[in-house]
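To start, the structure under review is shown below, and the notes come after it.
The values are calculated or read from the model by the stated rules, or taken from the named source; none is laboratory data. Keep in mind the model is a prediction, meaning the values are calculated, not measured. When we count neighbours, we look across all protein chains shown, and the Cβ atoms used for this are built from the backbone with ideal geometry, even at glycine. Note: accessible area is taken over every heavy atom of the protein model, side chains too, but ligands, DNA and RNA are not part of it. Shrake-Rupley method; radii C 1.70, N 1.55, O 1.52, S 1.80 Å.
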Amino acid sequence: MSNFRAFWNSPMGPKTTQFWGPIANFGFVAAGLIDTQKPPAMVSGNMTAAMCVYAALFMRFSWMVRPRNYMILAGHVCNETVQLYQLSRVVKAHG
């Protein structure tokens, strides 16, 4: 029980945005993974490129902030990976 209480009250615990922000960020990853089932013509190249920039910028932020938030860093790395894959599909489809 003391481990749970320590986690609950920690600066990165579920009472903080440092916990729920990364959880919400994985929603972008899930949406990107679902979009891999769609034909490339249905994927917005502009939005995918914007998501790539967003993920790259916030990867750096999550690395530089103190204390480092590894959970949000992981979310942005996953998001960047999915979005780059989507962007490669769009570029291949549109030549």
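Which of the residues spanning segment 31-46 are under 17 Å from the mean Cα position of the chain (by Cα) and exposed (fewer than 12 other Cβ atoms within 10 Å of the Cβ)? Answer for segment 31-46, where residues must be under 17 Å from the mean Cα position of the chain (by Cα) and exposed (fewer than 12 other Cβ atoms within 10 Å of the Cβ): just Ile34. For segment 60-73, name all the residues that are open to solvent by less than 60 Å² (accessible area, probe 1.4 Å), assigned to a helix (DSSP H, G or I) and among the hydrophobic types (A, V, I, L, M, F, W, C). The answer is Ile72, Leu73.
Being among the aromatic types (Phe, Trp, Tyr), under 10 Å from the mean Cα position of the chain (by Cα) and on the phi < 0 side of the Ramachandran plot: is that true of Tyr85 here? Taking the combined requirement at face value, the residue does not satisfy it.
The set of residues from segment 24-59 being touching a residue at least 40 places away in the same chain (Cβ under 8 Å) and outside any loop (DSSP other than H, G, I, E, B) comprises Asn25, Phe26, Phe28, Val29, Gly32, Leu33, Asp35, Pro40, Ala41, Gly45, Thr48.
Only one of the numbered conditions (1) open to solvent by less than 70 Å² (accessible area, probe 1.4 Å); (2) part of a loop (DSSP other than H, G, I, E, B); (3) modelled with pLDDT of 90 or more is not met by His76, and that is (2).
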